[in-house]
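Contents: one structure, followed by commentary.
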Amino acid sequence: MLARIILLSLFLPFLAIAFSSPGMAQKKPSASVLKKGKAIFKENCEVCHQADAIGKAGVAPSLTNPEFLSISSDKFLEGTIRDGRKDTGMMPFAHLGRSKVRAIVAYLRSREKLPNRTKQVDAQPDARGDPRFGKTWYMNICSTCHGSDGNGYESEGAGTAIGLPGFLDKVTDGYIRETIKVGRSNTRMLSFQGPAAIADLTDREIDDIIVYLRTQAKK
Ligand code: HEC
Ligand code: HEC
């Protein structure tokens, strides 16, 4: 008995640490908020983002993709839903009001499968690189899906409009960097780093691309 108590008291602090790990510590939203979020999603978003938000290439991206959710902060999600993305099919939903937008985000989060690492990702340093090299990589690899002007579906591509301010103004360089490195499972967005990738870009080359995208958007 005593041995058990000692064992337990040794173990408990670790359990406490495990459950309070960053990102997982957020308060769980109530069942009624999740239900509300799901209903609002169905009514406003499902037509493009599909049932269960699984997305459809050329129509709207997946919002329950594990790699996407793991690097998407609430601020980014709420802001994108509120403001939409100008010159894309993603319209603004500011009229829903903050509590409804938050309920949708809570519903999407309830589908999260990977640990949330938005804090670390958004704290990454800004990209430093050469936009001329970035342009070459972008044109050779990325433009097929994201369009040569970065306007995505508008250019008949499968990827989103990563060259437009509606996207770029809302994301950190860390978000872009991680998406290029990790990709998004079960979508056409593959990983572009590592021996298994179709193009094994170095950190430097990835930063070149980010710098290129940022300079493009300013034009
Ligand atoms: C074969 C097609 C394809 C290629 C090539 C491709 N992507 Fe993508 N990319 C996608 C798709 C599709 C998505 C969105 C995933 C979805 O539909 O759920 C995406 C998403 C992204 C996102 C996230 C955008 C957002 O709206 O959140 C970034 C950033 C990105 N890609 C960067 C790149 C870069 C940089 C390259 C070149 C190195 C590249 N992609 C090459 C298809 C592609
Ligand atoms: C008319 C179609 C349409 C509707 C309705 C719509 N969206 Fe979108 N959504 C899109 C498109 C298209 C994009 C990608 C835009 C781009 O190319 O960057 C997008 C992108 C997004 C993104 C960014 C995803 C990423 O990969 O970065 C979020 C978040 C999002 N939508 C949430 C919502 C929510 C929540 C609703 C409902 C309140 C909604 N959308 C309704 C078409 C739609």
Return a yes/no flag: does the stretch 188-198 have any residue that is basic (Lys, Arg) and out of contact with any Cys (no Cβ under 8 Å at 6 or more places or on another chain).
-> no
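Residue under question is THR187, and the condition is that it be of a type outside the set (Gly, Ala, Ser) and farther than 15 Å from ALA127 by Cβ; does it hold? Working first, answer last.
Details: of a type outside the set (Gly, Ala, Ser): yes; farther than 15 Å from ALA127 by Cβ: yes.
Considered against the rule, which asks whether it is of a type outside the set (Gly, Ala, Ser) and farther than 15 Å from ALA127 by Cβ, THR187 comes out as yes.
For the stretch 156-180, give me each residue that is open to solvent by less than 50 Å² (accessible area, probe 1.4 Å) and either over 22 Å from ASP83 (Cα atoms) or among the hydroxyl-bearing types (Ser, Thr, Tyr) (or both). Spell out how you get there, then give the answer.
Taking the stretch 156-180 as the starting set, the residues that turn out to be open to solvent by less than 50 Å² (accessible area, probe 1.4 Å) are 157-164, 166-168, 171-180.
The answer is GLY157, ALA158, THR160, THR172, TYR175, ARG177, GLU178, THR179, ILE180.
I'd like the residue in the stretch 196-219 that is outside any helix (DSSP H, G or I) and at pLDDT 95 or above and, out of all such residues, is surrounded by the most Cβ atoms within 10 Å (Cβ to Cβ).
Residues of the stretch 196-219 that are outside any helix (DSSP H, G or I), as a first pass: 196-202, 219.
Applying the additional criterion that residues be at pLDDT 95 or above yields 200-202.
On the way: ASP200: 12, LEU201: 19, THR202: 9.
Restricting to residues being outside any helix (DSSP H, G or I) and at pLDDT 95 or above, the top hit is LEU201.
Scan the stretch 80-130 for residues that are among the β-branched types (Val, Ile, Thr) and farther than 22 Å from SER70 by Cα and jot them down. Outline the logic, then answer.
At the first step, the residues of the stretch 80-130 found to be among the β-branched types (Val, Ile, Thr) are 80-81, 88, 101, 104-105, 118, 121.
Listed by number, the list holds a single entry, THR88.
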Could you tell me whether the stretch 98-118 includes any residue that is modelled with pLDDT of 95 or more, open to solvent by 30 Å² or more (accessible area, probe 1.4 Å), within 18 Å of ILE206 (Cα to Cα) and in a loop (DSSP other than H, G, I, E, B)?
-> no
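Kindly check whether there is at least one residue in the stretch 170-179 that is of a type in the set (Val, Ile, Thr), outside the structural domain of ASP87 (by TED's automatic domain parsing) and over 12 Å from the mean Cα position of the chain (by Cα). If you could, list the steps in order and put the result at the bottom.
Restricting attention to the stretch 170-179, the residues satisfying the condition of being of a type in the set (Val, Ile, Thr) are 171-172, 176, 179.
From the residues that got through so far, the ones that are outside the structural domain of ASP87 (by TED's automatic domain parsing) too are 171-172, 176, 179.
From what's left, over 12 Å from the mean Cα position of the chain (by Cα): none.
Among the residues of the stretch 170-179, not one is of a type in the set (Val, Ile, Thr), outside the structural domain of ASP87 (by TED's automatic domain parsing) and over 12 Å from the mean Cα position of the chain (by Cα), which makes the answer no.
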Criterion: of a type outside the set (Lys, Arg) and touching a His at 6+ places or on another chain (Cβ under 8 Å) - qualifying residue of PRO131, PRO61 | PRO61
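The values are calculated or read from the model by the stated rules, or taken from the named source; none is laboratory data. This is a predicted model, so every value here is computed, not measured. Note: ideal-geometry Cβ built from the backbone for every residue, glycine included; neighbour counts use all protein chains shown. The protein model used for the area step is the full one, side chains on, heavy atoms only, and it has no ligands, DNA or RNA in it. Shrake-Rupley method; radii C 1.70, N 1.55, O 1.52, S 1.80 Å.
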